[in-house]
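Data first, discussion second: the structure below is written as structure tokens.
The values are calculated or read from the model by the stated rules, or taken from the named source; none is laboratory data. The structure presented is a predicted model; accordingly, all values stated were derived computationally and were not measured. Cβ: placed from backbone, ideal geometry, glycine included. Neighbour counts: every protein chain shown.
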Amino acid sequence: MQNSIYSSKSPQSNRTVIGELIETSKIFRSGKTEIVALQKANLKIRKGEVVLIIGPSGSGKTTLLSLLGCVMYPTEGCVCINGINTRELNDREMAELRLKTIGFVFQNFNLISPLNSEDNIRVPLLLNRLPKEIVRDKVNLALQLVKLDQRRKSLPKQLSGGEQQRVAIARAIVNNPPLVLCDEPTASLDNNSIKIVLKELRSLADNGKAVAIVTHDQRLNQYADRIIRIENGVLKELSERK
Ligand SMILES: Nc1ncnc2c1ncn2[C@@H]1O[C@H](COP(=O)(O)OP(=O)(O)OP(=O)(O)O)[C@@H](O)[C@H]1O
Ligand SMILES: [Mg+2]
């Protein structure tokens, strides 16, 4: 089955596409069992937009985001990031593309446990060979954005769930990537932190980034340009703010 969720009348449709799925599917196989996590789908995520991805547990949201984030290869079809077909990249090139182009906030944070907050946030900057002062300034800015300057030396296990989530968000945006993907970024946050984080993600989009957010949280709708629903691995509908 194929799903195209884009309307040709989309007001956003003349904007540069950063992330694209073309006839992309993902099937997990173990022994004789086959789980179709994502049915063949087409999707474009463009510069300047915040896209929400919603759907029930197990419907394929993390799979969709992981494909866009180059964390996994598709079973069929293509994933294109900035016009580059990831099938043509080897593992090292894929890792480099991921590091330079994509900021990923994982559902379970994926912080590196022996590293404190500032060292976790610094990780995406390490391969860029930037001068030390620039790295320090970028890390400081990201820490301030998520209001965690006071906890810069804390290890993940010393932080609350919401604080770990904010470190993960700071790490995802520290490199200023054109594509920001967030898997339930507000699940552990209080109202005030949600506002701070979503305003920041909204302003990233307003400054030309593409932002995709998996969420169950309807409070996020007001920050979105489009909402995509996924059910049983099928991308179902698109709503757009006019
Ligand atoms: N590595 C894997 N191996 C086998 N099956 C998997 C794997 N990852 C995901 N799945 C299956 O694919 C389907 C989609 O999973 P996915 O994690 O994308 O759901 P989700 O919408 O993110 O759910 P949740 O809201 O609970 O996070 C589920 O049935 C899941 O069990
Ligand atoms: Mg998930």
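Computed values, structure above
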item: Test result for V197, surrounded by 19 or more Cβ atoms within 10 Å (Cβ to Cβ) and either closer than 22 Å to L65 by Cα or not hydroxyl-bearing (S, T, Y) (or both); result: yes
item: In segment 45-66, the residues that are out of contact with any Gly (no Cβ under 7 Å at 6 or more places or on another chain), within 14 Å of ligand 2 (Cβ to nearest atom) and under 23 Å from L97 (Cβ atoms); result: I53, T62, T63, L64, L65, S66
item: Condition check for G208: more than 13 Å from the chain's Cα centre (by Cα) and within 16 Å of ligand 1 (Cβ to nearest atom); result: no
item: Enumeration of residues in segment 152-165 that are out of contact with any Lys or Arg (no Cβ under 7 Å at 6 or more places or on another chain), within 22 Å of T62 (Cα to Cα) and surrounded by 19 or more Cβ atoms within 10 Å (Cβ to Cβ); result: Q164, Q165
item: Number of the condition not met by M72 [criteria: (1) surrounded by fewer than 19 Cβ atoms within 10 Å (Cβ to Cβ); (2) in contact with a Gly (Cβ under 9 Å, 6 or more places away or on another chain)]; result: (2)
item: Residue list for segment 43-62, restricted to those being free of Cβ contacts under 8 Å to residues at least 60 places away in the same chain and not in a loop (DSSP other than H, G, I, E, B); result: K44
item: Residue in segment 67-89 that is closer than 20 Å to L220 by Cβ, polar (S, T, N, Q) and more than 14 Å from ligand 2 (Cβ to nearest atom) present; result: no
item: Of the criteria (1) out of contact with any strand residue (DSSP E or B) (no Cβ under 8 Å at 6 or more places or on another chain); (2) within 16 Å of ligand 1 (Cβ to nearest atom); (3) of a type in the set (A, V, I, L, M, F, W, C), which one L181 fails; result: (1)
item: Single residue of segment 112-133 satisfying the filter (modelled with pLDDT of 95 or more and of a type in the set (A, V, I, L, M, F, W, C)) that is surrounded by the fewest Cβ atoms within 10 Å (Cβ to Cβ); result: I112
item: Residues (of a type in the set (K, R) and in contact with a helix residue (DSSP H, G or I) (Cβ under 6 Å, 6 or more places away or on another chain)) located in segment 169-199; result: R171
item: Residue, nearest to the chain's Cα centre (by Cα), within segment 52-99, restricted to residues that are of a type in the set (K, R) and under 15 Å from G19 (Cα atoms); result: R98
